[in-house]
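Notes for the one structure printed next.
The values are calculated or read from the model by the stated rules, or taken from the named source; none is laboratory data. What you see is a predicted model, and the numbers here were worked out from it, not measured in a lab. Don't worry about glycine lacking a Cβ; one is built from the backbone with ideal geometry, like all the others, and counts go over all protein chains shown. The accessibility values were calculated without ligands, DNA or RNA, using every heavy atom of the protein model including side chains. Shrake-Rupley method; radii C 1.70, N 1.55, O 1.52, S 1.80 Å.
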Amino acid sequence: GLRVSLSVVRKIVSFGAPLVVAESSWFLMTGSTVYFIGHYAGLEDVATYTLGYKLAFIVGIVLVLPLQLAFPPFVYSNLDSPDVKVSASRALTYYVFAFTECALGLLSISRLMVGVMAPEAYASAGITLAFVLPAVGFYGLDNFGKTLLHIKRRSGITGAIAFFAGLASLGLNFLLVPRFGVAGAVVAVNVSTGMAALGSLIAGLRFFPIRLELWRIAV
């Protein structure tokens with residue numbers, strides 16, 4: 001027969017609901033900025049910021065999203081392996097290396113891309129691209145932290161961290177965008193996404209500790 005297991009439904013909802021909050025908060029951090037710019041600066045600044053952010057997210061398409069699909073299943077399927085923590089540690093280091101290479105590669109052709117895709121009046125989108133790249137990198141870093149947290153089924157911590165980072169994003173945009181326009185928006189998106197990513201990573205390391213190759217990452 002066919003039936004619904006209420007106990008399974010409760011487990012799914014209790015684990016999954018905080019993740020809805022987390023993803024909604026990330027959408028808020030990266031998307032609400034446009035509305036603040038449109039209200040306090042103008043549509044031309046919205047276009048400049050949006051173009052710069054969309055071009056920066058090329059790194060997200062090439063690197064961050066594939067990592068988001070591959071890293072969690074890899075870790076979860078190898079939890080019984082004695083080398084899983086070493087592999088996770090190296091994956092984090094390699095992510096930093098790969099992100100740096102992709103970012104530098106994108107920056108090297110960003111001026112050409114902006115020139116081809118938009119009129120000369122939007123040339124400053126290339127500068128926006130350069131300064132919002134950290135937010136794209138933080139999105140990938142957040143994935144590492146969430147993976148470590150979810151090994152121990154701590155999705156509630158994931159949701160709480162992202163929620164408070166989303167609130168910080170709203171506050172920073174409200175304070176900075178009216179005064180500094182696109183520059184204030186860049187600061188807001190980088191600070192809020194950095195809070196979310198570093199918060200998830202620090203919490204994840206507490207519940208599922210791995211060794212960080214700090215020297216290699218710093219280099």
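Numbers for the structure displayed
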| quantity | calculated |
| --- | --- |
| Equivalent-ellipsoid semi-axes of the range 177-219, from the Cα gyration tensor, Å, largest first | 30, 14, 4 |
| For R90, net neighbour charge (Lys/Arg +1, Asp/Glu -1) across residues whose Cβ lies under 13 Å away | +1 |
| Gaussian network model of the chain, springs between alpha carbon atoms under 10 Å - residue of V116, V191, V96 with greatest fluctuation | V116 |
| Theoretical FRET efficiency, 1/(1+(r/R0)^6), r = Cβ-Cβ of R179 and K54, R0 25 Å, to 0.05 | 0.50 |
| Sequence of W215, W26 when ordered by accessible area, the most exposed leading, probe 1.4 angstrom | W215, W26 |
| Stokes-Einstein diffusion coefficient of the range 133-204, Kirkwood radius over Cα pairs, 20 °C, 1.002 mPa s, in µm²/s | 174 |
| Accessible surface, per residue, of the range 40-172 when the full set of protein chains is kept, probe 1.4 Å, Å² | 50 |
| Scattering profile of the range 4-49 at q = 0.26, 0.33 Å⁻¹ [log10 I(q)/I(0), Debye over alpha-carbon scatterers] | -0.85, -1.02 |
| Spatially proximal aspartates and glutamates relative to K85 (Cα-Cα < 14 Å; intrachain offsets below 8 disregarded) | E213 |
| Local electrostatic count, W26, Cβ distance below 15 Å [Lys/Arg +1, Asp/Glu -1] | -1 |
| Prolate/oblate/rounded label for the range 52-211 (Cα gyration tensor, a/c 1.5) | oblate |
| For the range 91-163, radius of gyration divided by Kirkwood radius, i.e. Rg to Rh on alpha-carbons | 1.15 |
| Solvent-accessible ranking of S155, S14, S124, largest area first, probe 1.4 Å | S14, S124, S155 |
| Proportion of all alpha-carbon pairs of the range 1-80 beyond 20 Å (%) | 61 |
| Top of G16, G140, G166 by mean-square fluctuation, Gaussian network on the chain, Cα under 10 Å | G16 |
| Heavy atoms of Y139 accessible to a 1.4 Å probe, total area in Å² rounded to 10 | 40 |
| Cβ-Cβ FRET estimate between V4 and V116, R0 fixed at 41 Å, reported to 0.05 | 0.15 |
| Net charge of neighbours whose Cβ lies under 15 Å from the Cβ of T48, counting Lys and Arg as +1 and Asp and Glu as -1 | -1 |
| Portion, in percent, of the accessible area of the chain that falls on carbon or sulfur, probe 1.4 Å | 69 |
| Estimated distance in nm for a label pair at L43 and I12, the labels positioned 7 Å out from Cα along Cα-to-Cβ | 4.4 |
| Overall form of the range 1-145 per C-alpha gyration tensor (a/c, 1.5; a/b vs b/c) | oblate |
